[in-house]
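The values are calculated or read from the model by the stated rules, or taken from the named source; none is laboratory data. In this text the structure is predicted, and so the values were computed from the model without any measurement. Here the Cβ positions follow ideal geometry from the backbone for every residue, glycine too, while neighbour counts run over all protein chains shown.
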Amino acid sequence: MSKILEKNILSEYECNRITRFKVRAPQIAEKARAGQFVVVMADSRGERIPLTIVDAKKEEGSIFLIVQEVGFTTSLLNRLKEGDSFHALIGPLGKASVIKKYGEAIIIGGGVGIAEIYPVAQALKKKRNTLTVVLGARTKKLLILAEELQKISDEFYTATDDGSCGEKGFTTDILKKLIAGKHYDLVYVVGPIPMMKKAAELTRKKDVKTIASLNSLMVDATGMCGCCRITVGGEVKFTCIDGPDFDAHLINWQEAESRSSTYIEGENHICRLGLGENR
(Lines give C-alpha, C1' and ligand atoms only; values in the text may rest on other atoms or scores of the structure.)
Protein backbone atom coordinates (compact mmCIF):
# COMPACT_ATOMS: atom_id res chain seq x y z
CA MET A 1 0.00 0.00 0.00
CA SER A 2 1.13 3.57 -0.72
CA LYS A 3 1.24 5.08 2.74
CA ILE A 4 1.03 8.86 3.17
CA LEU A 5 4.07 9.94 5.17
CA GLU A 6 3.41 13.68 5.16
CA LYS A 7 0.59 15.98 4.11
CA ASN A 8 0.95 19.75 3.82
CA ILE A 9 -1.47 22.37 2.51
CA LEU A 10 0.44 24.67 0.14
CA SER A 11 -2.45 26.98 -0.66
CA GLU A 12 -6.05 27.49 0.35
CA TYR A 13 -7.86 30.23 -1.52
CA GLU A 14 -11.61 30.44 -2.13
CA CYS A 15 -12.57 26.93 -3.30
CA ASN A 16 -9.01 26.04 -4.31
CA ARG A 17 -6.96 23.88 -1.95
CA ILE A 18 -3.55 22.70 -3.09
CA THR A 19 -1.96 19.91 -1.06
CA ARG A 20 1.45 18.25 -1.17
CA PHE A 21 1.70 14.57 -0.25
CA LYS A 22 4.83 12.65 0.61
CA VAL A 23 4.08 9.01 -0.18
CA ARG A 24 6.01 5.80 0.41
CA ALA A 25 6.68 4.29 -3.00
CA PRO A 26 10.22 2.85 -3.10
CA GLN A 27 9.99 1.19 -6.51
CA ILE A 28 8.64 4.35 -8.14
CA ALA A 29 11.17 6.54 -6.35
CA GLU A 30 13.99 4.34 -7.62
CA LYS A 31 13.01 4.71 -11.28
CA ALA A 32 11.29 8.11 -11.50
CA ARG A 33 12.80 10.73 -13.77
CA ALA A 34 11.89 14.36 -14.40
CA GLY A 35 8.74 14.76 -16.49
CA GLN A 36 7.12 11.45 -15.53
CA PHE A 37 3.88 10.93 -13.65
CA VAL A 38 1.85 8.39 -11.67
CA VAL A 39 -1.79 7.36 -11.70
CA VAL A 40 -3.57 7.41 -8.34
CA MET A 41 -6.84 6.02 -6.97
CA ALA A 42 -8.12 7.38 -3.67
CA ASP A 43 -10.33 4.35 -3.00
CA SER A 44 -11.65 1.26 -4.77
CA ARG A 45 -14.60 3.14 -6.27
CA GLY A 46 -12.67 6.23 -7.30
CA GLU A 47 -11.46 7.21 -10.75
CA ARG A 48 -7.83 7.08 -11.83
CA ILE A 49 -6.13 10.45 -12.03
CA PRO A 50 -2.65 11.37 -13.30
CA LEU A 51 -0.34 13.35 -11.02
CA THR A 52 3.16 14.56 -11.74
CA ILE A 53 6.03 13.15 -9.68
CA VAL A 54 7.14 16.47 -8.23
CA ASP A 55 10.15 15.00 -6.46
CA ALA A 56 11.57 11.58 -5.59
CA LYS A 57 13.79 10.59 -2.68
CA LYS A 58 15.45 7.30 -3.61
CA GLU A 59 17.22 6.93 -0.27
CA GLU A 60 13.90 7.30 1.58
CA GLY A 61 11.81 5.39 -0.94
CA SER A 62 9.34 8.24 -1.20
CA ILE A 63 7.81 10.52 -3.80
CA PHE A 64 6.03 13.87 -3.64
CA LEU A 65 2.69 14.61 -5.34
CA ILE A 66 0.73 17.85 -5.50
CA VAL A 67 -3.07 17.81 -5.76
CA GLN A 68 -5.42 20.69 -6.48
CA GLU A 69 -8.88 20.05 -5.04
CA VAL A 70 -11.34 20.78 -7.83
CA GLY A 71 -13.91 18.00 -7.70
CA PHE A 72 -15.07 14.77 -6.13
CA THR A 73 -11.98 12.61 -6.61
CA THR A 74 -9.43 15.23 -5.61
CA SER A 75 -11.65 15.97 -2.62
CA LEU A 76 -11.39 12.28 -1.66
CA LEU A 77 -7.61 12.48 -1.95
CA ASN A 78 -7.46 15.53 0.25
CA ARG A 79 -9.55 13.83 2.93
CA LEU A 80 -6.80 11.27 3.40
CA LYS A 81 -4.54 11.86 6.39
CA GLU A 82 -0.96 11.07 7.30
CA GLY A 83 -0.82 7.34 7.96
CA ASP A 84 -3.59 6.59 5.44
CA SER A 85 -2.83 4.94 2.11
CA PHE A 86 -3.92 5.44 -1.47
CA HIS A 87 -5.94 2.53 -2.81
CA ALA A 88 -3.65 2.32 -5.85
CA LEU A 89 -0.57 4.06 -7.17
CA ILE A 90 1.18 3.06 -10.40
CA GLY A 91 4.17 4.52 -12.18
CA PRO A 92 6.42 6.00 -13.24
CA LEU A 93 4.49 6.57 -16.47
CA GLY A 94 5.19 8.62 -19.57
CA LYS A 95 8.49 9.45 -21.20
CA ALA A 96 11.01 11.37 -19.13
CA SER A 97 11.97 14.87 -20.22
CA VAL A 98 15.12 15.16 -22.32
CA ILE A 99 17.63 16.59 -19.90
CA LYS A 100 20.95 17.86 -21.24
CA LYS A 101 23.08 20.98 -21.49
CA TYR A 102 21.05 23.34 -23.68
CA GLY A 103 22.54 26.61 -22.47
CA GLU A 104 20.09 29.41 -21.75
CA ALA A 105 16.67 28.01 -20.78
CA ILE A 106 13.36 29.61 -19.85
CA ILE A 107 11.08 27.46 -17.68
CA ILE A 108 7.44 28.60 -17.47
CA GLY A 109 4.78 27.28 -15.12
CA GLY A 110 1.18 28.45 -14.90
CA GLY A 111 -1.13 27.53 -12.02
CA VAL A 112 -0.50 24.05 -10.65
CA GLY A 113 1.64 23.48 -13.73
CA ILE A 114 4.35 24.93 -11.50
CA ALA A 115 4.46 21.53 -9.82
CA GLU A 116 5.39 19.98 -13.16
CA ILE A 117 8.21 22.36 -14.00
CA TYR A 118 9.92 21.89 -10.63
CA PRO A 119 11.53 18.47 -11.29
CA VAL A 120 12.51 19.52 -14.82
CA ALA A 121 14.06 22.75 -13.56
CA GLN A 122 16.04 20.82 -10.95
CA ALA A 123 17.32 18.35 -13.54
CA LEU A 124 18.27 21.08 -16.03
CA LYS A 125 20.13 22.98 -13.30
CA LYS A 126 22.17 19.86 -12.50
CA LYS A 127 23.28 19.87 -16.15
CA ARG A 128 24.53 23.43 -15.62
CA ASN A 129 21.96 25.19 -17.75
CA THR A 130 21.29 28.85 -17.04
CA LEU A 131 17.69 28.99 -15.80
CA THR A 132 15.20 31.79 -16.15
CA VAL A 133 12.03 30.74 -14.31
CA VAL A 134 8.66 32.42 -14.92
CA LEU A 135 5.71 31.54 -12.66
CA GLY A 136 2.11 32.62 -13.02
CA ALA A 137 -1.19 32.26 -11.19
CA ARG A 138 -4.46 34.08 -10.76
CA THR A 139 -3.34 35.52 -7.44
CA LYS A 140 -0.39 35.38 -5.02
CA LYS A 141 -2.16 32.88 -2.76
CA LEU A 142 -2.21 30.32 -5.58
CA LEU A 143 1.47 30.72 -6.43
CA ILE A 144 3.18 27.52 -5.27
CA LEU A 145 6.84 26.42 -4.98
CA ALA A 146 8.02 29.97 -5.63
CA GLU A 147 10.70 29.88 -2.92
CA GLU A 148 12.04 26.49 -4.05
CA LEU A 149 12.25 27.52 -7.70
CA GLN A 150 13.76 30.92 -6.98
CA LYS A 151 16.66 29.18 -5.18
CA ILE A 152 17.69 27.32 -8.34
CA SER A 153 17.00 30.18 -10.77
CA ASP A 154 19.50 32.52 -12.32
CA GLU A 155 16.65 34.89 -13.12
CA PHE A 156 13.20 34.69 -11.56
CA TYR A 157 9.89 36.34 -12.52
CA THR A 158 6.28 36.07 -11.41
CA ALA A 159 3.03 37.25 -12.95
CA THR A 160 -0.45 37.27 -11.46
CA ASP A 161 -3.76 38.17 -13.01
CA ASP A 162 -4.57 40.59 -10.18
CA GLY A 163 -1.05 42.00 -9.74
CA SER A 164 -0.77 40.70 -6.16
CA CYS A 165 2.69 39.26 -6.89
CA GLY A 166 5.15 40.29 -9.58
CA GLU A 167 3.86 41.76 -12.81
CA LYS A 168 0.14 42.17 -13.38
CA GLY A 169 -0.62 40.10 -16.43
CA PHE A 170 0.43 36.77 -17.90
CA THR A 171 3.58 34.66 -18.04
CA THR A 172 3.58 35.06 -21.81
CA ASP A 173 3.87 38.84 -21.40
CA ILE A 174 7.16 38.23 -19.60
CA LEU A 175 8.23 35.62 -22.15
CA LYS A 176 7.68 38.11 -24.99
CA LYS A 177 9.97 40.65 -23.32
CA LEU A 178 12.66 38.08 -22.55
CA ILE A 179 12.99 36.64 -26.04
CA ALA A 180 12.85 40.11 -27.60
CA GLY A 181 16.09 41.10 -25.92
CA LYS A 182 18.15 37.91 -25.79
CA HIS A 183 18.69 34.55 -27.47
CA TYR A 184 17.54 31.46 -25.59
CA ASP A 185 18.23 27.83 -26.42
CA LEU A 186 15.14 26.28 -24.82
CA VAL A 187 11.70 27.20 -23.55
CA TYR A 188 9.89 24.58 -21.45
CA VAL A 189 6.28 25.42 -20.65
CA VAL A 190 3.50 23.81 -18.59
CA GLY A 191 0.10 25.31 -17.93
CA PRO A 192 -3.34 25.84 -19.43
CA ILE A 193 -3.62 25.26 -23.17
CA PRO A 194 -4.12 28.97 -24.05
CA MET A 195 -0.87 29.78 -22.23
CA MET A 196 1.14 27.02 -23.92
CA LYS A 197 -0.31 27.88 -27.32
CA LYS A 198 0.60 31.55 -26.93
CA ALA A 199 4.11 30.65 -25.79
CA ALA A 200 4.54 28.47 -28.89
CA GLU A 201 3.39 31.30 -31.14
CA LEU A 202 5.90 33.72 -29.59
CA THR A 203 8.89 31.36 -29.70
CA ARG A 204 8.17 30.16 -33.24
CA LYS A 205 8.80 33.69 -34.48
CA LYS A 206 12.22 33.64 -32.79
CA ASP A 207 13.00 30.04 -33.75
CA VAL A 208 13.51 28.99 -30.13
CA LYS A 209 13.19 25.29 -29.35
CA THR A 210 10.04 24.94 -27.23
CA ILE A 211 8.72 21.95 -25.31
CA ALA A 212 5.19 21.81 -23.90
CA SER A 213 4.14 19.25 -21.30
CA LEU A 214 0.51 18.37 -22.00
CA ASN A 215 -2.18 17.60 -19.45
CA SER A 216 -4.61 15.63 -21.58
CA LEU A 217 -7.53 13.62 -20.24
CA MET A 218 -6.38 10.12 -19.29
CA VAL A 219 -8.21 6.97 -18.24
CA ASP A 220 -5.93 3.93 -18.36
CA ALA A 221 -2.68 5.89 -19.01
CA THR A 222 -1.20 3.00 -21.01
CA GLY A 223 -2.24 4.02 -24.54
CA MET A 224 -5.25 1.70 -24.78
CA CYS A 225 -8.21 4.05 -24.27
CA GLY A 226 -7.12 6.76 -26.68
CA CYS A 227 -8.52 9.60 -24.56
CA CYS A 228 -5.25 11.51 -24.49
CA ARG A 229 -4.59 11.44 -28.22
CA ILE A 230 -3.15 14.53 -29.82
CA THR A 231 -1.82 15.36 -33.27
CA VAL A 232 1.85 16.34 -33.35
CA GLY A 233 3.56 17.07 -36.64
CA GLY A 234 0.61 15.52 -38.49
CA GLU A 235 0.87 12.23 -36.57
CA VAL A 236 -1.45 10.92 -33.87
CA LYS A 237 0.31 10.61 -30.52
CA PHE A 238 -0.83 9.57 -27.07
CA THR A 239 0.16 11.85 -24.22
CA CYS A 240 0.41 8.99 -21.72
CA ILE A 241 2.99 6.91 -23.61
CA ASP A 242 4.47 9.29 -26.21
CA GLY A 243 4.55 12.31 -23.89
CA PRO A 244 3.74 14.27 -21.90
CA ASP A 245 6.50 16.42 -23.50
CA PHE A 246 6.08 17.42 -27.15
CA ASP A 247 7.55 19.96 -29.56
CA ALA A 248 5.23 22.92 -28.96
CA HIS A 249 5.67 24.13 -32.54
CA LEU A 250 4.30 20.85 -33.95
CA ILE A 251 1.26 20.42 -31.68
CA ASN A 252 -2.14 20.92 -33.27
CA TRP A 253 -3.32 23.45 -30.71
CA GLN A 254 -6.74 23.93 -32.29
CA GLU A 255 -7.43 20.23 -31.81
CA ALA A 256 -6.03 20.34 -28.27
CA GLU A 257 -8.30 23.26 -27.37
CA SER A 258 -11.31 21.53 -28.89
CA ARG A 259 -10.73 18.29 -26.98
CA SER A 260 -10.07 20.24 -23.79
CA SER A 261 -13.37 22.11 -24.06
CA THR A 262 -15.22 18.82 -24.59
CA TYR A 263 -14.09 17.65 -21.17
CA ILE A 264 -13.98 21.00 -19.46
CA GLU A 265 -16.09 19.71 -16.58
CA GLY A 266 -14.02 16.54 -16.24
CA GLU A 267 -12.02 16.52 -13.05
CA ASN A 268 -9.49 14.13 -14.58
CA HIS A 269 -8.52 16.90 -16.99
CA ILE A 270 -8.10 19.68 -14.50
CA CYS A 271 -6.61 17.86 -11.55
CA ARG A 272 -3.03 18.25 -12.77
CA LEU A 273 -3.10 21.94 -13.60
CA GLY A 274 -6.35 23.72 -12.91
CA LEU A 275 -8.12 25.72 -15.61
CA GLY A 276 -7.71 29.38 -16.47
CA GLU A 277 -4.61 29.65 -14.28
CA ASN A 278 -2.62 32.46 -15.92
CA ARG A 279 -1.57 32.78 -19.50
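Before moving on, here are some points about what is shown:
- Residues that are part of a loop (DSSP other than H, G, I, E, B) and within 15 Å of residue 50 (Cα to Cα), drawn from the stretch 73-95: 87, 94, 95
- Scanning the stretch 55-65 for residues that are in contact with a Leu (Cβ under 8 Å, 6 or more places away or on another chain) and surrounded by fewer than 24 Cβ atoms within 10 Å (Cβ to Cβ) yields a total of 1.
- Taken over the stretch 180-205, the criterion of being more than 19 Å from residue 233 (Cα to Cα) and either assigned to a loop (DSSP other than H, G, I, E, B) or without any contact (Cβ under 8 Å) to a residue 60 or more places away in the chain (or both) is satisfied by 180, 181, 182, 183, 184, 185, 191, 192.
- Pair list, Cβ under 6 Å, 6 or more apart: the stretch 44-69 residue under 22 Å from residue 12 (Cα atoms) and touching a residue at least 24 places away in the same chain (Cβ under 8 Å), other residue buried (at least 17 other Cβ atoms within 10 Å of the Cβ) and of a type in the set (S, T, N, Q): 49/73; 49/268; 53/36; 67/19; 67/74; 69/78
- Subset of the stretch 8-28 (residues that are surrounded by fewer than 19 Cβ atoms within 10 Å (Cβ to Cβ), at pLDDT below 85 and touching a helix residue (DSSP H, G or I) at 6+ places or on another chain (Cβ under 7 Å)): 13
- Scanning the stretch 206-223 for residues that are in contact with a helix residue (DSSP H, G or I) (Cβ under 9 Å, 6 or more places away or on another chain) and either farther than 13 Å from residue 187 by Cα or without any contact (Cβ under 8 Å) to a residue 12 or more places away in the chain (or both) turns up 214, 215, 216, 217, 218, 219, 220, 221, 222, 223.
- Single residue of the stretch 40-95 satisfying the filter (of a type in the set (Val, Ile, Thr) and more than 14 Å from the chain's Cα centre (by Cα)) that is nearest to residue 6 (Cα to Cα): 63
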